[in-house]
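Contents: one structure, followed by commentary.
Read-outs throughout are calculated quantities, based only on the coordinates presented, and are distinct from any laboratory measurement. Remember, predicted model here, so these are calculated numbers, not experimental data. Note that we place each Cβ from the backbone using ideal geometry, even for glycine, and neighbour counts take in every protein chain shown.
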Amino acid sequence: MSMRDFSQDHRWLSINTATVRKSRGVDLPLPDIIEACARRGIRAISPWRDQVAAAGLDAISKLVKTHGLELSGYCRGGMFTAVDDTGLKAAHADNRRAVDEACELGARCLVLVVGALPGALAGQAAHKDIALSRNQVSDGIGALLDYAGSCGMPLAIEPLHPMYAADRACINTMEQALDVCDELDPTQSEALGVALDVYHCWWDPKLQQQIARAGKARLLAFHVCDWLTPTTDLLNDRGMMGDGVIDIPRIRGWVEAQGFAGYSEVEIFSTGNWWQRDAGDVLNTCIARHKSAV
């Protein structure tokens, strides 16, 4: 199967709304982001829950429908780990709400950043038992899968780069994510799969093999940006496609060889560069680079 030709248009570009969360360093409301995308013929977005909450779920739902936008995903569910049953139950309740929001917005999937050692994100891990955290993640996804399945909302586990294993996600490779998928959804019902972000997975020597293992049924989302050298911030110094070391077209080729025909979702966190620029210019650059570097 030959790769799709992105060079002529941006039909298959999606904007993760974190990419233009700020314009010239100032927070940009989600309705403004949606309008800016619509003006440029960008057909899909993937919004973040806090941005939706700030503008109101009903208002965003109407705006999405008015512009005929698709959602390549919804960011995000997850953070399943906790120190006690109260915390685990609170996480489950919040994840059910995330599923409901994703359904209201018509998202292709709910992206899961699964969590890691509880407390670590705030600066003090409650324990060092990463195996326990991984078990809580698997249990949490299993419980949520029943609810999400009843709503018809696919769940996409996003493996995060190993540098986030302590604080953000204790699932760090496609192989780990697919092991969880096979355990919880052995029939490959398309209710559970993976979100492949090249920023997190580009280095993995098993990447091509694991993409083939995932197949079309498990490949729910494809996120693009670039890895800069040197990188100045492990979280907030992502590069624009073409500015770093990731061979994005090669990875897209592996994904499309499995039958993936969805959006390439640009997700860039960049406090020192892209968030300091005008959001319209950033979107224009995303369109140009989607044609030349994805």
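Numerical summary
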| item | result |
| --- | --- |
| Cβ-placed point charges (K, R +1; D, E -1), dipole of the chain about Cα centre in debye, nearest 20 | 700 debye |
| Separation in nanometres of the label points that stand 7 Å from Cα toward Cβ, at Asp233 and Ala261 | 4.0 nm |
| Nitroxide proxy distance, nm - points 7 Å out along Cα→Cβ at Arg250 and Glu104 | 4.4 nm |
| Choice from Ala18, Ala279, Ala55 with maximal GNM fluctuation in the chain (Cα, 10 Å cutoff) | Ala55 |
| The chain: angle of helix 30-39 to the longest principal axis, Cα-based, in degrees nearest 10 | 40 degrees |
| Nonlocal amide H pairs with Ala169, under 5 Å, H built at 1.01 Å | Gly115 |
| Gyration tensor (alpha-carbon) shape descriptor, the stretch 132-226, a/c threshold 1.5 | oblate |
| Formal net charge of residues neighbouring Arg39 (Cβ-Cβ distance under 15 Å; K, R +1; D, E -1) | -2 |
| Relative contact order, percent, the chain [alpha-carbon distance under 8 Å, six or more residues apart] | 22 percent |
| Scattering profile of the stretch 25-180 at q = 0.12, 0.15, 0.21 Å⁻¹ [log10 I(q)/I(0), Debye over alpha-carbon scatterers] | -0.55, -0.82, -1.26 |
| Residue-averaged [θ]222 nm for the chain, counting only DSSP H segments that reach four residues, each worth -39500 (n - 2.57) | -13000 deg cm²/dmol |
| Met153, Met163 arranged by Cβ crowding within 10 Å, fewest neighbours leading | Met163, Met153 |
| Rounded if a/c under 1.5, otherwise prolate or oblate - the chain, Cα gyration tensor axes | rounded |
| Approximate spin-label separation Thr86-Ser2, in nm, with each point projected 7 Å along Cα-to-Cβ | 6.2 nm |
| DSSP-defined antiparallel bridges as percent of all bridges, the chain, nearest 5 | 10 percent |
| Sequence-distant residues sharing a close amide H with Val266 (under 5 Å, placed H) | Ser14, Ile15, Asn16, Val224 |
| Hz values of 3J(HN,Hα) by residue in the stretch 110-126 - Karplus curve (6.51, -1.76, 1.60), Gly and Pro given as x | 9, 7, 10, 9, 7, x, 8, 6, x, x, 5, 5, 7, x, 9, 5, 6 |
